[in-house]
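Before any comments, here is the structure.
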Amino acid sequence: MGKKIKKDLEAPPKDVFDPLAIESKKAETAVLMLQSPEEEILAKSCEALYKFAQKGDENKVTLLGLGAVESLSKLICHEAKTVRRNATMVCGIMAAHGDVRKLMQKLDMIPSLIARLAPEEDTVVHEFATLCLAHMANTFTSKARIFEVNGLEHLIRLLGSPDPDVEKNAVECLYLLAQQLSLKTLGSISCEAECRLALKESQALDHLLKILEAKELNDLHVEALLIIANCLEDVDTVQLLQQSGGLKKILTFAETSPLPELQRNAAKAIAKSAHNAESRKIFHEQEAEKVLVELLASDNNGVKAAALQAISALCANVASKDVFSKSGILQIINLLSKDQAEVREAAAFTLADLTTGCPNNAAALLEADRVDALVNLLTDKREGVIANVCTVLINMAAQEPLRIALQSQGVMPALAATLQTDSSLVLRKAIFTAAAFACDAEARTQFRDADGLLHLVKLLRSNHDEVRRNACWAIAVFANDEVTASELYRLGTFDVLQEMNLSTSRRNSFSELAENKLLDNNLSLKYNQKGHLSYGNLIKDRFYDHGRLKPGAKLPSLEELSKQMLNQSRAVLLVNTTVPEPVTPSPPPVEDKPEPNPGRSPSSHSRSASREKAGRNAPSPVDDKQELPSGRSPSQSRSAHKEKSSSKLKLKVKKEEEKIKEDDEIPPVKIQPELVPQIIPWHPPIDQELIDYISDVTRTVLPLPHPREQVVALAQFVAAKMGGLVAEDRLHEFSWELHVSELKYELQCNIVPVGRIKKGIFYHRALLYKALADRIGIGCSLTRGDYGRAWNEVKLYDDSVPAGTKAPPEIYIVDLMYQPGHLMKPASVEAERYQRI
């Protein structure tokens, strides 16, 4: 057998890194090693950092700067127990420094620390996790976070730990949390009046004020102030704090505190208490207005909103409102343009309170040159902002200069656009705001041009009662001029209002008013629909009597009636004495004179221009009609001149062709562009006879000393102008129909001015009487009957009643046909005969 050979040792794999022992003398290296994937390196690095952090606060700050906390926040949840334990130890030691705690709070490490309190964790982990939580429980935010993640349950369980350090840390953490919990409990129960009384009797307010004065308890200040805020709802507590000086301390503390949440709660406390008149007076004496104005300059939006709410509450006190108008209103106006919607809404709400019943504050908005900001907010996405701005605009609309300024900024088109929203709150406010501005004719025109009337009429069919009610009120205001009233009728407003007033569920306190206003400012429509004009309905120019309409038909406008072909219907009676203003034609555009051509004489240029002008101004074939000799037809005339004209035309064409050849090389002359024809507005025909009638009755009837004499004289005048006395039994022979038909044919129109009628019956004479009586101040009504009947009623006092005696006037019907000037009692037989066929 051969010799036995000894087996060689196996060589290490080529792809494995040989272990390397590293010794580091710098903390930076240990922090970098926290990123290692090896558990042993992580554990040793944490152990080294723990020893380093124990040596002092400077080392903690150094580790904070090196980014150790960010890495440790992840390692306390590492799967390896050793790494988890050592990382928790480092966190427990470093949490003693305030800056480290802030970063831990920002990194939201509390849930991870609470997880380290689980029973399966080592006692060392419990000790340093509770230590870290005890340090962090000094701040209000960390306390709230511990409550959120149910840390209280784990801390209470650890009170039974065998390790005294764990027990100590848990007790300390619970103590800090218990203070917060106690204040939260008091904050809840202090909402009840009986509990507030018990707190006051036990002098709890003094203890709460001491907590506010202790700077080391700043994490409890917010909760303590909330309890005080609840107690301030009682006037007795406010008076007590005022006498003890506590109220002044609270205001000073709110003004100087660096905590935004505390300032917000202080402002809320003032707002709660200011709902009582006596409390508002006390806060005014303590100069609370100054504190609230200072809070408006805060960088925190919540503080600004709370301060604005408190200002609104104090505005109920006139003295406080005066203070804000002098020192705070400009700041509030500037907050309207803030991006934060809560602040904008609160600012608008506060301005609404400041301007209510205070014209000076409303004028201050104009002085601040921020009217445009108010108008722009009508397009805000937040409905509360728009509603509050509308209240401000309503308060401003009471002053004419402010109305004019807002109109110039486009408030009416903006309101018209706002009416397209679906928000009932916005609609209620916007409609009412539009009505507040509608007292100006220009504002009504702007609203009408922006289609605001169309949106307003649609809202009459709203299912929201208050929206319908406000829409009716707005229409009653907008219908204050004839143009707007006519436009509202065209949009179907009258039909909707009639339907609404017949409904017991949709009718409201303003629907009937709106219908009456619409008719009173469109008397042609009123007389057509109601058949009656009262004493106060004064007939003005452009009034027309169309007669009755078929059910469901709409009353055409005068312009529409003027375009209709002649028909067999009764003539439309027109009252119009207005002479239209002449239309000034636009000046012709200035043309550039062409430069003279060196090879062309001035005379040839002028001849060419004359030809061009003649060509442009040549009469059309329709207009080029000349009067022909009698007995000679146009065809005979044309044939007689045909041959002669033809030879002349050939000669003329030949000359023109030769002239064109001479001018071929001459540059063309720039022709003046034709004038754009102006659109001339339509005007109804002028009643010159009616103008003369008004002049006559003003000269002859008006100077009569007694109203009865004026009534009789006017009746006789009207009868004389329209055919005179007509016997009742001869009425059928009074050929007024032929006369009126001749007038229609003469005018080539169905509209006949009432003064042109020389043979008129009841409804012609009654209309003329009313038109003349209204011009000279004789009060009378106009009522239409059936079959062409109409009559006037007048009110006259009995001559037998002694002067100075209060007696109701007597009503008479004026006879204009059978016995012109005769006065009849409405209930008499002769009056009944006058009114019937």
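Any residue at all in segment 686-694 that's in a helix (DSSP H, G or I), open to solvent by 30 Å² or more (accessible area, probe 1.4 Å) and of a type in the set (Asp, Glu)? Yes, because at least one residue in segment 686-694 is in a helix (DSSP H, G or I), open to solvent by 30 Å² or more (accessible area, probe 1.4 Å) and of a type in the set (Asp, Glu). Filtered by the rule that a residue be over 22 Å from Val794 (Cα atoms), of a type outside the set (Gly, Ala, Ser) and touching a strand residue (DSSP E or B) at 6+ places or on another chain (Cβ under 7 Å), segment 542-576 gives His546, Leu558, Leu561, Val572, Leu573, Leu574, Asn576.
Does Asp322 qualify as being within 29 Å of the chain's Cα centre (by Cα) and not in a helix (DSSP H, G or I)? The answer is no for Asp322. Just to verify a result, which residue in segment 279-292, among those that are open to solvent by 20 Å² or more (accessible area, probe 1.4 Å) and assigned to a helix (DSSP H, G or I), is nearest to Leu226 (Cα to Cα)? Taking the candidates together, the pick is Arg280. Among the residues of segment 69-108, those that are without any contact (Cβ under 8 Å) to a residue 40 or more places away in the chain and either open to solvent by less than 40 Å² (accessible area, probe 1.4 Å) or over 23 Å from Thr139 (Cβ atoms) (or both) comprise Val69, Leu72, Ser73, His78, Glu79, Gly98, Leu103, Met104. Taking first residues from segment 434-461 that are among the aromatic types (Phe, Trp, Tyr) and partners that are open to solvent by 50 Å² or more (accessible area, probe 1.4 Å), the Cβ contacts under 8 Å between residues at least 6 apart in sequence or on separate chains come to Phe447/Pro413.
Among residues of segment 748-763 that are closer than 13 Å to Phe734 by Cα, those with a beta-carbon under 9 Å from a residue that is of a type in the set (Ser, Thr, Tyr) at least six positions away or on a different chain give the pairs Lys759/Ser735; Phe762/Tyr834.
In this structure, is Val124 of a type outside the set (Lys, Arg), open to solvent by less than 10 Å² (accessible area, probe 1.4 Å) and out of contact with any Pro (no Cβ under 6 Å at 6 or more places or on another chain)? The answer is no for Val124.
Could you please let me know if Ala297 is of a type outside the set (Ser, Thr, Tyr), in a helix (DSSP H, G or I) and touching a helix residue (DSSP H, G or I) at 6+ places or on another chain (Cβ under 8 Å)? Give the steps one after another, and end with the answer.
Details: of a type outside the set (Ser, Thr, Tyr): yes; in a helix (DSSP H, G or I): no; touching a helix residue (DSSP H, G or I) at 6+ places or on another chain (Cβ under 8 Å): yes.
No; evaluated as a whole, the condition is false for this residue.
Inspect all residues belonging to segment 445-461 and state whether any of them is crowded, with 23+ Cβ neighbours inside 10 Å, closer than 24 Å to Gly384 by Cα and either modelled with pLDDT under 90 or among the aromatic types (Phe, Trp, Tyr) (or both). Yes, because at least one residue in segment 445-461 is crowded, with 23+ Cβ neighbours inside 10 Å, closer than 24 Å to Gly384 by Cα and either modelled with pLDDT under 90 or among the aromatic types (Phe, Trp, Tyr) (or both). For segment 474-519, the tally of residues that are of a type in the set (Asp, Glu) and in contact (Cβ under 8 Å) with a residue 40 or more places away in the chain stands at 2.
Listed here are the residues, each with its yes/no results for (1) open to solvent by 10 Å² or more (accessible area, probe 1.4 Å); (2) in a helix (DSSP H, G or I); (3) more than 21 Å from Asn360 (Cβ to Cβ).
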{"position": "Cys390", "(1), (2), (3)": "no, yes, no"}
{"position": "Asn395", "(1), (2), (3)": "yes, yes, no"}
{"position": "Leu402", "(1), (2), (3)": "no, yes, no"}
{"position": "Ala417", "(1), (2), (3)": "yes, yes, yes"}
{"position": "Leu425", "(1), (2), (3)": "yes, yes, yes"}
{"position": "Ala430", "(1), (2), (3)": "no, yes, yes"}
{"position": "Ala434", "(1), (2), (3)": "no, yes, yes"}
{"position": "Cys439", "(1), (2), (3)": "yes, no, yes"}
{"position": "Ala443", "(1), (2), (3)": "no, yes, yes"}
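When the residues of segment 724-739 are filtered to those that are assigned to a helix (DSSP H, G or I) and of a type in the set (A, V, I, L, M), the one that is farthest from the chain's Cα centre (by Cα) is Leu731.
Considering only segment 404-415, state which residues are open to solvent by less than 10 Å² (accessible area, probe 1.4 Å) and under 25 Å from Arg468 (Cβ atoms). The answer is Val411, Met412, Leu415.
Looking only at segment 212-256, count every residue that is modelled with pLDDT of 75 or more and outside any helix (DSSP H, G or I) and tell me the total. Summing the residues that are modelled with pLDDT of 75 or more and outside any helix (DSSP H, G or I) in segment 212-256 gives 1. Of the numbered criteria (1) surrounded by fewer than 16 Cβ atoms within 10 Å (Cβ to Cβ); (2) under 24 Å from Ser327 (Cβ atoms); (3) β-branched (Val, Ile, Thr), the one Thr379 fails is (2). Answer yes or no: is there a residue in segment 526-547 that is part of a helix (DSSP H, G or I), at pLDDT 90 or above, open to solvent by less than 10 Å² (accessible area, probe 1.4 Å) and of a type outside the set (Lys, Arg). Yes, the conditions are met somewhere in segment 526-547.
Taking the listed residues Ala27, Ala68, the one that is of a type in the set (Gly, Ala, Ser), at pLDDT 90 or above and over 23 Å from Val171 (Cα atoms) is Ala68, with no other qualifying. Among the residues here, Leu491 does not qualify as on the phi < 0 side of the Ramachandran plot, aliphatic (A, V, I, L, M) and out of contact with any helix residue (DSSP H, G or I) (no Cβ under 6 Å at 6 or more places or on another chain).
The values are calculated or read from the model by the stated rules, or taken from the named source; none is laboratory data. Just so it is clear, the structure is predicted and the values come from calculations on it, not from any experiment. Neighbour counts run over all protein chains shown; Cβ positions are idealised from the backbone, glycine included. To get the accessible areas, we keep the full protein, side chains included, count just its heavy atoms, and leave off ligands, DNA and RNA. Shrake-Rupley method; radii C 1.70, N 1.55, O 1.52, S 1.80 Å.
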